[in-house]
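Input: a single structure, listed below in structure tokens.
The values are calculated or read from the model by the stated rules, or taken from the named source; none is laboratory data. Owing to the predicted nature of the structure, the values given are computational and were not obtained by experimental measurement. Note that we place each Cβ from the backbone using ideal geometry, even for glycine, and neighbour counts take in every protein chain shown. Please note that ligands, DNA and RNA were not included when accessible areas were found on the heavy atoms of the full protein model with its side chains. Shrake-Rupley method; radii C 1.70, N 1.55, O 1.52, S 1.80 Å.
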Amino acid sequence: MDSIEPEKNGSQQDLPPPPPVVPPNLVPLKVETEPVKKKPARVPIARRGFGSKGQKISLLTNHFKVNVTNVEGYFYHYSVSLSYEDGRPVDGKGVGRKVIDRVQETYDSELDGKNFAYDGEKSLFTIGSLPRNKLEFTVVLEDVTSNRNNGNASPEGHGSPNESDRKRLRRPYHSKTFKVEISFAAKIPMQAIANALRGQESENSQEAIRVLDIILRQHAAKQGCLLVRQNFFHNDPRNFADVGGGVLGCKGFHSSFRTTQGGLSLNIDVSTTMIIQPGPVVDFLIANQNARDPFQLDWAKAKRTLKNLRIKASPSNQEYKITGLSDKPCREQMFQLKQKRDGDGEPLELTVYDYFVNHRHIDLRYSADLPCINVGKPKRPTYIPIELCTLVSLQRYTKALNTLQRASLVEKSRQKPQERMSTLTNALKSSKYDAEPMLRSCGISISTNFADIEGRVLPAPRLKVGNGEDFFPRNGRWNFNNKKLVEPSKIERWAVVNFSARCDVRSLVRDLTRCADMKGIPMEAPFDVFEENPQFRRAPPTVRVEKMFEEIQSKLPGAPKFLLCLLPERKNSDIYGPWKKKNLAEFGIVTQCLAPQRVNDQYLTNLLLKINAKLGGLNSMLSVEHTPSIPVVSKVPTIILGMDVSHGSPGHSDCPSIAAVVSSRNWPLISRYRASVRTQSPKVEMIDSLYKRVSETEDEGMIRELLLDFYTSSGKRKPDQIIIFRDGVSESQFNQVLNIELDQIIEACKFLDEKWNPKFVVIVAQKNHHTKFFQKGSPDNVPPGTVIDNKVCHPRNNDFYLCAHAGMIGTTRPTHYHVLLDEVGFSADDLQDLVHSLSYVYQRSTTAISVVAPICYAHLAATQMGSFMKFEDTSETSSSHGGVTSAGAVPVPQLPKLQDKVCNSMFFC
């Protein structure tokens, strides 16, 4: 690099004097950008081979084979620009489809009768080209309200419920004129699809498959479906299930094209979304707020809930978007009515109630004392009495569900494998894809049979428990009856804290001690039971925790090692966050919470598993860990990382996201972990604090902390192999994981020791995909340990599906693992085995879990530390969250650091 510069400068001296400024600017730029080019971007590795271990099993999958006969042609991509007559761009969603449909009807011959695949926004595709590269059309639409969404929600396009009502708007007409420009953007060879099936993926092939997906979306839109990405929901009340609070679960389908080793397939699955209960607005609000009648409603809350929802107003059946509520009730809310006769008279001041009842002769039963719905602009309101408004069907509910709604939704959308298969078969039949003209002109035909594939069932790993005993789990589960834990920790210097839970604490402690004894856990008697002072029961959660700690400190001789905390509410107790924060971040005390309701021995044993893990014990371990004989991992020091980012719920989009990385410790063990957790900007999926250099000698990132712990806990050894499991990223982000996150991890390693070059393995785990497996000729779910790495897997990349757990209810959802990088050189069998084994080291349960333990732990750690932030939201203003305001980016609040005594523990268990 150094040699370039003098040479350039030298050559410049022979030339006439250069114009000032420019070359000095150019040279450094050149030098800066060069090294970047040299470092090729990493891409996901290709599959090196297939696994062969395990018992073969015949399966069916919800992929339907697609034949494509027309591979000679081209998709032509056009960009679409829509504007009103006066040149304003159309920004409303949903109106686009109506406009483009009208263009097709009106100008069919100018378009050579071509069919369009339109994405509803800015892109349109045809098979073969349109007559010209740039086309301009003008179309007129009457009454622009889309079947799904409103257009630009400008009152002049809508008019009000009837003629005289419309006098309040400036222009009385109903139609609207649109200008449409369609200009050529690119052409995509259909051959690209065939190339992708040979494993040669390119921009083109992804685009070509995107076009096929757009055709499916458009096909569903034409049937009046609600579209959510590639999920389609019909307006059929038989698909709706009430989950409470004015929210319905709406069943529909996912359908998308996938390239697989077996060719192109259509992946169809059942999916569910939440919609607002259609019907009278008042009924929805009463259900939503759980009120007795409309007069009990909280209208400030109602206003937030209703904003932007679409209603139909009777008697005109006209559709509007709600912009707000009137400030006053209907019988007091005034507006100005222009006089009919000559149009020049003074406008009449009257109330909305008076107008509807006396001028329009519409009977209003209960609206008089309730606010009106406003469907106008902020400056030009248009009021409609609330009882004349009904909510249109198929409007998504996007806020987070509460615990009861969530449970109800899960309960109602469950389907056993057989039932799911018949639902999918019917979905394919009723979708009538064979009649879709665009698919036909691509020469696409879709099989009606589930694809046949072969899986393998891996044997369960052997586990080790106390007294040197080994055993094999059966059907993905085991129990600890008559067994001792492999490494019990002692429960000493502890106390019970009761936040007003109704409970016989004495007998709870007695039963817990008895169960501990059976598991081989030595347990002293608690020092004391601290009952909450009843006068604080109504105080804010932070105050209750504070007072309790004052009480504990005044009575205990020294700091306790462990506190058992009884919470009054079963789910989501608001004491939980402040309590955990106080214990872990301020005092470094291990704590276990419980909400005592149905407490039996099974419950207490599960509780003890968590307590034992938190205090540093181990409940069970893999026999191969003990010997140590795990292929590849036991030979050289290996650290296993689990990484996850959890985002705020939909209603709290300004909450910081929380990134967690857990790491294995005490090599050669792979059952013990610790966690490092940080906040980052809301909704950011890439973890940004893996490496955070703050000076020449300091790196405050997460990875350094984890590597140092591995070093001290593994006999002063540096890991030579780093295996990373990453959760929650989509295929479009694989390259970022490989090039951004992995680079940071390498930087962190180099920062510790320039000469150290560990080998990396990077694996992404995905749970939200739509591939399901069914046993041929059996109503049961696939057995635990089922692995699939052929046919429905990627034509080139190294991926496999694993169902490690026993699906008890509904249909098992396999985890899709993508091996993006493997510098260690695992065989397919060894890697699949390792992933399978890591589903058996989860200390909180006596079952195999559906995704590797390190990822589950990362998820738990992020959630638990997130509860530290939750209760602070309420006390501070929302501007303290990270996010962008008019003043620029707001700093993301930092999580408190955990005390040294607990930061290496499995506090998240």
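A few remarks follow.
So that you can scan it fast, the table gives a plain yes or no per residue for (1) open to solvent by 20 Å² or more (accessible area, probe 1.4 Å); (2) in contact with a Gly (Cβ under 7 Å, 6 or more places away or on another chain); (3) not aromatic (F, W, Y):
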residue: F725; (1), (2), (3): no, yes, no
residue: C793; (1), (2), (3): no, no, yes
residue: N797; (1), (2), (3): yes, no, yes
residue: T812; (1), (2), (3): no, no, yes
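- Residue selection: L401 fails the criterion of being surrounded by 14 or more Cβ atoms within 10 Å (Cβ to Cβ), under 28 Å from the mean Cα position of the chain (by Cα) and on the phi > 0 side of the Ramachandran plot.
- When G224 is tested against the conditions (1) farther than 23 Å from D119 by Cα; (2) surrounded by fewer than 18 Cβ atoms within 10 Å (Cβ to Cβ); (3) of a type outside the set (A, V, I, L, M, F, W, C), the lone failure is (1).
- Taking every residue in segment 70-92 that is touching a residue at least 60 places away in the same chain (Cβ under 8 Å) and pairing it with any residue that is open to solvent by 90 Å² or more (accessible area, probe 1.4 Å) and in a loop (DSSP other than H, G, I, E, B), at least 6 positions away or on another chain, the pairs with Cβ-Cβ distances below 7 Å are S79/K122; V80/K122.
- Failed item in (1) in a loop (DSSP other than H, G, I, E, B); (2) open to solvent by 10 Å² or more (accessible area, probe 1.4 Å); (3) under 22 Å from Y673 (Cβ atoms), with S839 passing the rest: (2)
- Test result for A585, open to solvent by less than 50 Å² (accessible area, probe 1.4 Å), within 24 Å of A501 (Cα to Cα), touching a residue at least 60 places away in the same chain (Cβ under 8 Å) and of a type in the set (G, A, S): no
- Number of residues in segment 753-777 that are within 20 Å of I809 (Cβ to Cβ) and open to solvent by less than 20 Å² (accessible area, probe 1.4 Å): the value is 4.
- Set T403, T398: member being at pLDDT below 90, among the hydroxyl-bearing types (S, T, Y) and closer than 16 Å to I322 by Cβ: T398
- Taking strands (runs of 3 or more DSSP E) as the structural unit, those lying wholly within segment 320-368 and holding at least 2 residues that are at pLDDT below 90 correspond to 334-337, 348-351.
- Residues (open to solvent by 70 Å² or more (accessible area, probe 1.4 Å) and in contact with a helix residue (DSSP H, G or I) (Cβ under 9 Å, 6 or more places away or on another chain)) located in segment 541-560: E546, K547
- Single unsatisfied condition, S500 versus (1) open to solvent by less than 70 Å² (accessible area, probe 1.4 Å); (2) assigned to a loop (DSSP other than H, G, I, E, B); (3) at negative phi: (3)
- Sole residue being charged (D, E, K, R), closer than 30 Å to G777 by Cα, modelled with pLDDT of 90 or more and open to solvent by less than 30 Å² (accessible area, probe 1.4 Å), chosen from R456, R474: R456
- Within segment 453-475, being in a strand (DSSP E or B) and charged (D, E, K, R) holds for E454, R456, K464, D470, R474.
- Qualifying residue in segment 531-540 (condition: surrounded by fewer than 19 Cβ atoms within 10 Å (Cβ to Cβ), under 26 Å from K901 (Cβ atoms) and in contact with a Lys or Arg (Cβ under 6 Å, 6 or more places away or on another chain)): no
- Within segment 91-144, the residues that satisfy the criterion of being closer than 30 Å to Q191 by Cα, surrounded by fewer than 16 Cβ atoms within 10 Å (Cβ to Cβ) and under 37 Å from the mean Cα position of the chain (by Cα) are E121, K122.
- Total residues in segment 713-729 satisfying the condition of being modelled with pLDDT of 90 or more and either under 18 Å from the mean Cα position of the chain (by Cα) or basic (K, R) (or both): the figure is 7.
- Among the residues examined, Y433 does not qualify as aromatic (F, W, Y), open to solvent by less than 80 Å² (accessible area, probe 1.4 Å) and under 29 Å from the mean Cα position of the chain (by Cα).
- Residue check, N358 more than 23 Å from G252 (Cβ to Cβ) and either surrounded by fewer than 14 Cβ atoms within 10 Å (Cβ to Cβ) or under 25 Å from the mean Cα position of the chain (by Cα) (or both): yes
- Tally, over segment 438-453, of residues that are open to solvent by less than 30 Å² (accessible area, probe 1.4 Å) and out of contact with any Leu (no Cβ under 6 Å at 6 or more places or on another chain): 6
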